[in-house]
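J.: Have a look at this one.
Throughout, read-outs are computed from the coordinates displayed, never taken from laboratory work. Note that the coordinates shown come from a computational prediction; the quantities given were computed from them, not determined experimentally. FYI the Cβ positions are ideal-geometry reconstructions off the backbone, even for glycines, and counts take in every protein chain you see.
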Amino acid sequence: MFHVKHPLTAVALIALATPALARDNVQVAGSSTVLPYATIVAEAFGENFDFPTPVVEGGGTGAGLARFCEGVGENQIDIANASRPMRAGEFETCQANGVTDIVEVRIGYDGIVFASQAGGASFAFTPEHWYNALAAQVVQDGQLVANPNTNWSQVDAALPDQEILAFIPGTKHGTREVFEERVILEGCESTGAMEAFVASGMDEDAAEEACLTLRTDGLSNDIDGDYNETLARLEANPTGVGVFGLAFYENNTDRLQVATMSGVTPSTESIASGEYPVSRPLFFYIKKAHFGVIPGLKEYAEFFVSDDIAGEGGPLAEYGLVSDPELASVQQVVADETVMTAPAN
Amino acid sequence: MTDLPLNGAAGAIPDFPRPARSILETDARTRARNRAEARFRAYGLAALLVGLFFLVLLLGSILWNGMGAFMQTRMTLEVELLESELDPEGTRDPAVLAETSTFGYGDLIEAALVRTVAATGVQTGLEAGDLDDLLSSGTAARIRDAVIADPSLVGQTVTFDVLPSSRVDGYIKGRVTRESLANDKNLSPEHLDIVDALVAQGTLDRGFNLSFITGADASEKRPEEAGIGVAMIGSFYMMLVVLGLSLPIGVAASIYLEEFAPKNRFTDLIEVNIANLAAVPSIVYGILGLAVFIQFAGLPQSAPLVGGLVLTLLTLPTIIIATRASLRAVPPSIRDAALGVGASKMQAVFHHVLPLAVPGIMTGTIIGMAHALGETAPLLLIGMVGFVASNYPGGVLDGFTSPNSAMPAQIYEWAKRADPAFYERAWGGIIVLLVFLLVMNLMAVLVRRRFERRW
């Protein structure tokens, strides 16, 4: 009689006895901002082609790219969705793990909106407001001081008399980077805090870092989950202001009211025209080595950026994606399988 | 000599100092003890009532939020399947028909909607192009599938049962109101005028949503099409793997440890490890599964087979602990009697001890499997959480390896999505999961009744 000494060994034996199985579906993971768009494309792809519907997972841009860069092969994902460009460090990890040829595909633009609970006070923000509300150190009377503001009306008399309570994306989200770059950093420069940091003897990188250091007294809250969590926090705290994707806001207009940024109301039109300042491109990355190995991969990528899908009036635009004005060149990149070069930063 | 007088030999009862009062009269200390007991009973009852209250609250809110998912608004739509659009050469070849993508059906659906709206007599300011907001974006795919399955439909006017969009469904269910649509770009209050007219006409009504229980997951734009059926199949296959592996392995390991293994340092170490494994957080098994089954053994990602293997690891300690406890609960006299009439050790175990332990083993197995059924965390790392449960498995064996999700993972996924209609579906999914668990537990009770023996 075969006595099982340890259950784990027995299970491992069974697993090893099973031969590796060929994969016939495309495997995608990454940004939770791109996830809705990717599911829409995957579903339509499954309907219109004889290939099985691709599997799309979320997990965030950083986690998706980390999985993407683990290596090439059927056990690895084919595509990573990203709500920010790949970083130089990630590119190097990819190269080191054998993921040498990567095709970068920009699918369109997405707006980031600031919204509060419907029925509450309405806001008209500028980047300076956000910097003065959330930064750890702000400039007051020409001096750098620890942020004394606790009420929006202290930041600007035109804003509602309401306690500052912000729910911003956590650092694992690509959205956070856009928020920092387009709002906090911008505000840091225009309020003069950047200058003050440099004047206090910091070099440029250190000053930038100081700009992005947010207050930690509980008025600024990082949300590591998805937008539904931010929405739930807003419903529990009616005076809070949250950061959302445009598409999420448009699905929940009955519960959220959107704030203007520098006088512009976010919409697909104002983002496409470039008037609304807080927008960012969305990407996906493909392993070139998987073309021709994973059935349907090339077709999926081409279908994703086709005019029917990613063009104006297509299902992605209906859901909230701002179509890429240079979609034709993106289609060319996919068709030619043009490999990306190393990112600068 | 039992008839001795009880106190005869001992003589008269010595004179103890007797209490002044009768024992029939309660004194202060007895009253205090009685009060303490009454208090304790009240605490116990209160704890029970609090528990019951929260159970009712929980079940009530689940049912309240989730029942909506079991109803679905439907609409009949007469679509003229123009030959000039779909099959200009008149071949009626499915391969030719498949060349028209779902986008090619947009105009046909729009024309059908214009006719339907005109038939209601509602004057609307909406343009023809905006009317399709009334319908699920999956309508084109439904019609296209029907046409490819039966090419003879081309050229005819065919009545289809189609799904209205999630907001129309929400309006019929009372979740969406004209006020809540004020800023909504997916549907306008003017659409609702048409909906009211369609309801009055009988074109649009609601019925039981069977496809929620049997259907596949749908993309973020189509909550009205999403169903938990495929995820249920995924859970079922995982449970098959868990049952098929953890029951024999767990029972064999426990019988060996309990009945045959020598008691030494090595078996002590194994015992301690099994007890500890039962307390390991489930996400750890997910990481292990990713490293061992997917990256090392080369099994496919997102497959119920891998999910089942990971959950087997999770369930094994529970089963081993329960099995050992029920083996130990069999009275030693049974073993001794069997060995005494000349049975071998193995015969004693398999003919006498094991049958008596079966009810306990079954209970442990079902509890372990119910635990595994509700797990999401380990599945996150092996690719089973996401937009996965979108295809039915191709065949019975395919079900083990084709990408699939699990019920709790599907519920988690829906709860994350933007459209509030998915939220309703998430609660509905919880109801289905609870029913699934209830059925499993019922089976456990029945098995226990069937095998239960007394001695």
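J.: Test of understanding: given chain B, find the longest segment containing no trypsin sites (Lys or Arg not before Pro) that are in a DSSP loop and have at most 10 other Cβ atoms within 10 Å.
T.: My reading of the result: B:22-262 is the longest stretch.
J.: Let me ask something else. Given Cα pairs under 8 Å that are at least 6 residues apart, what percent is the relative contact order of the stretch A:111-279?
T.: 40 percent
J.: Express in nm, to one decimal, how much length is gained between B:L24 and B:L434 on full extension, taking 0.36 nm for each residue of separation and deducting their alpha carbon distance.
T.: 142.2 nm
J.: Quote to one decimal, in nm, the extra length available between B:A128 and B:N65 on full extension: 0.36 nm per residue of separation minus the C-alpha distance between them.
T.: 19.2 nm
J.: I've got another one for you. Using a 10 Å cut-off around each Cβ of peptide A:23-33, what is the average number of partner chain Cβ atoms that fall inside?
T.: The mean count of partner-chain Cβ atoms within 10 Å per residue comes to 3.
J.: Sort A:F284, A:F125, B:F266 so the one with the fewest other Cβ atoms within 10 Å of its own Cβ comes first.
T.: B:F266, A:F125, A:F284
J.: Of the residues A:Q143, A:Q331, A:Q257, which exhibits the maximal mean-square fluctuation in a Gaussian network model of chain A defined by a 10 Å Cα contact cut-off?
T.: A:Q143
J.: Let me spell out the model: positive unit charges on the Cβ of Lys and Arg, negative unit charges on the Cβ of Asp and Glu, origin at the Cα centre of chain B. What dipole size does that give, in debye rounded to 20?
T.: 3680 debye
J.: What GluC sites (Glu not before Pro) does the stretch A:220-296 have in DSSP loop regions with at most 16 other beta carbons within 10 Å?
T.: A:E275
J.: What percent do you get for the relative contact order of the stretch B:229-451 when only Cα pairs under 8 Å and 6+ apart count?
T.: 30 percent.
J.: A:K288: which aspartates and glutamates have alpha carbons under 19 Å from its alpha carbon, excluding same-chain residues fewer than 8 sequence positions away?
T.: A:D24, A:E70, A:E74, A:D78, A:E90, A:E92, A:D101, A:E104, A:E299, A:E302, A:D336, A:E337
J.: Please list 3J(HN,Hα) in residue order for the stretch A:280-293, calculated via the Karplus relation 6.51 cos²θ - 1.76 cosθ + 1.60 where θ = phi - 60°; whole Hz, with x for glycine and proline.
T.: 8, x, 10, 10, 9, 10, 10, 7, 5, 4, 8, 4, x, 9
J.: While we're looking at this one, here's another question. Taking the Cα centre of the stretch A:66-152 as the origin and placing charges on Cβ (Lys, Arg +1; Asp, Glu -1), which of A:I102, A:W152, A:N75 is farthest toward the positive end of the dipole?
T.: Sorting the options by dipole projection puts first A:W152.
J.: I've got another one for you. Return the average number of partner chain Cβ atoms within 10 angstrom of each residue Cβ along peptide A:71-78.
T.: Counting other chains' Cβ atoms within 10 Å and averaging over A:71-78 gives 3.
J.: Okay, next question. If you count the DSSP beta bridges with both ends in the protein assembly as shown, what percent of them are antiparallel, to the nearest 5?
T.: Beta bridges within the protein assembly as shown, antiparallel portion: roughly 75 percent.
J.: Which one, B:S333, A:V330, A:V28, is farthest towards the positive end of the dipole of the protein assembly as shown when Lys and Arg carry +1 and Asp and Glu -1 on their Cβ?
T.: Farthest towards the positive end: B:S333.
J.: Relative contact order for chain B using alpha-carbon pairs under 8 Å, separation at least 6, rounded to a whole percent?
T.: 18 percent.
J.: Given the rule -39500 (n - 2.57) for each run of at least 4 DSSP H residues, summed and divided by the residues of chain A, what is its mean residue ellipticity at 222 nm, to the nearest 500 deg cm²/dmol?
T.: So the helix-based figure for chain A works out to -10000 deg cm²/dmol.
J.: Please arrange A:H129, B:H352 by how many other C-beta atoms lie within 10 Å of their C-beta, fewest to most.
T.: Ordered from fewest to most neighbouring Cβ atoms within 10 Å, A:H129, B:H352 come out as B:H352, A:H129.
J.: Taking θ = phi - 60°, what integer Hz values does the Karplus form 6.51 cos²θ - 1.76 cosθ + 1.60 yield along the stretch B:327-334, in sequence order, with x for Gly and Pro?
T.: 5, 5, 6, 6, x, x, 4, 5
J.: What fraction, in whole percent, of alpha-carbon pairs in the stretch A:89-164 exceed 17 Å separation?
T.: 63 percent
J.: Ratio of alpha-carbon Rg to the 2.2 N^0.38 Å globular estimate for chain B, to two decimals, please.
T.: 1.47
J.: A further question follows. Tell me, what ³J(HN,Hα) does each residue in the stretch B:414-426 have, in order and in whole Hz, if you take phi through Karplus 6.51 cos²θ - 1.76 cosθ + 1.60 with θ = phi - 60° and put x for Gly and Pro?
T.: Here the 3J(HN,Hα) series is 5, 5, 7, 6, 6, 5, x, 5, 5, 5, 4, 5, 4 Hz.
J.: With viscosity set to 0.890 mPa s and temperature to 25 °C, compute the Stokes-Einstein D of the protein assembly as shown, Rh being the Kirkwood radius across alpha carbon pairs; µm²/s, no decimals.
T.: Translational D for this selection: 80 µm²/s.
J.: Restricting attention to the stretch B:367-455, which GluC sites (Glu not before Pro) occupy a DSSP loop and are surrounded by at most 14 other Cβ atoms within 10 Å?
T.: B:E452
J.: Same structure again: Could you work out the helix-only [θ] at 222 nm for chain B, with each DSSP H run of four or more residues adding -39,500 (n - 2.57) and the total divided by the number of residues, to the nearest 500 deg cm²/dmol?
T.: Helix contribution divided over all residues of chain B: -17500 deg cm²/dmol.
J.: Which loop-located GluC sites (Glu not before Pro) does the stretch A:26-108 contain, where loop means any DSSP state but H, G, I, E or B and the Cβ has at most 14 other Cβ atoms within 10 Å?
T.: Loop-located and lightly packed - none at all.
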